[in-house]
1. Which value does Rg/Rh take for the range 23-133 over its C-alpha atoms, Rh per Kirkwood?
2. Express in Å², to the nearest 10, the accessible area of V63 obtained by rolling a 1.4 Å probe over the protein heavy atoms while all chains stay in place.
3. Please work out the FRET efficiency for the pair A148 and R227, using the Cβ-Cβ distance as r and a Förster radius of 22 Å; give the result to the nearest 0.05.
4. Hey, could you grab the Kirkwood Rh for the range 115-245? Inverse mean 1/r over distinct alpha carbon pairs, Å, one decimal.
5. Simple spin-label model, 7 Å along Cα-to-Cβ: D102 to D38 in nm?
6. What FRET efficiency would be calculated for the residue pair T130, L69, taking the C-beta separation as r and a Förster radius of 25 Å, to the nearest 0.05?
7. I need the semi-axes of the equivalent ellipsoid of the range 189-235: take the C-alpha gyration tensor, multiply each eigenvalue by 5, square-root it, list largest first in whole angstrom.
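The values are calculated or read from the model by the stated rules, or taken from the named source; none is laboratory data. Keep in mind that what you see is a predicted model, and the values were worked out from it rather than measured. Glycine gets a Cβ as well: all are built from the backbone with ideal geometry, and neighbour counts include every protein chain shown. Side chains included, ligands, DNA and RNA excluded: accessible areas come from the protein's heavy atoms. Shrake-Rupley method; radii C 1.70, N 1.55, O 1.52, S 1.80 Å.
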Amino acid sequence: MLLLLRGVPSSAGLFDTTYRTVTRMPRHSPSLDRATPDRIAETALLLVDESGPEALTFRALAVRLDISLASLQRRCTDLAGLLDLCTDHLAARLPVIEPGTDWATATEARFTALYRLLAAHPGLLALRGTRPWLGPNLLARLVEPQLADSLAAGLSPEEAITAYRRMYLLTLGSASFVDHRDPKATRAATRTALAALDPEEFPVLTGHLAAIVPAVTDDEVYYGALRQLIRATAASPSADAQQGP
């Protein structure tokens, strides 16, 4: 199943970083009591959102949490563990879809929720880079139920995995392409960059700024593309056969 996200790590090491992050600590410590995994994740996300990904260091985070650097390092063994903690903290906000919900409705709800979470935290996306998005909350709230619903809707395992990958990559790319938190600034920067191009060399880009610039931050571009993928998947031969005449 892990090939859905990135690579095929061993199942034994699936949550190794996340679990190691949470469990390597003394049970009785006042400073650590003030720095629960949730508070660490929330504070780290706030630091990144306020000051950018380069601001997230263990020293800066320890200061924000009002604990020693050594205490923080007992909680999070390394930056990878910290990022895993942050992403799974966000994944806990993904919706749990009621059983029996129409496949298309459930699919759109899951992926639009993921898109909104990722778009709200571009700094975290930048920090994670090509690292796989793993963790119990993401797998339990998105990957497993989405694949299960797809199989129940009549898709073959291959079709279900392919559909998931298409929607996941669309969501990840759309969320990370621009900073959606400040669309006005993003549009202004895009307009400036395109206006500086040579009109003779790039006549389409320079000649259609009024159409191109707004599309850069238009969330409906993503929503429309997601719905197209959902409709195309629902119209597959396997899904049609499951629905019957």
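1. Looking at the range 23-133, the ratio lands at 1.05.
2. 110
3. Step by step, r from the Cβ atoms, then E = 0.55.
4. Over the range 115-245, the inverse of the mean reciprocal pair distance is 17.3 Å.
5. 3.5
6. 0.35
7. After diagonalising the Cα gyration tensor, the semi-axes are 31, 12, 6 Å.
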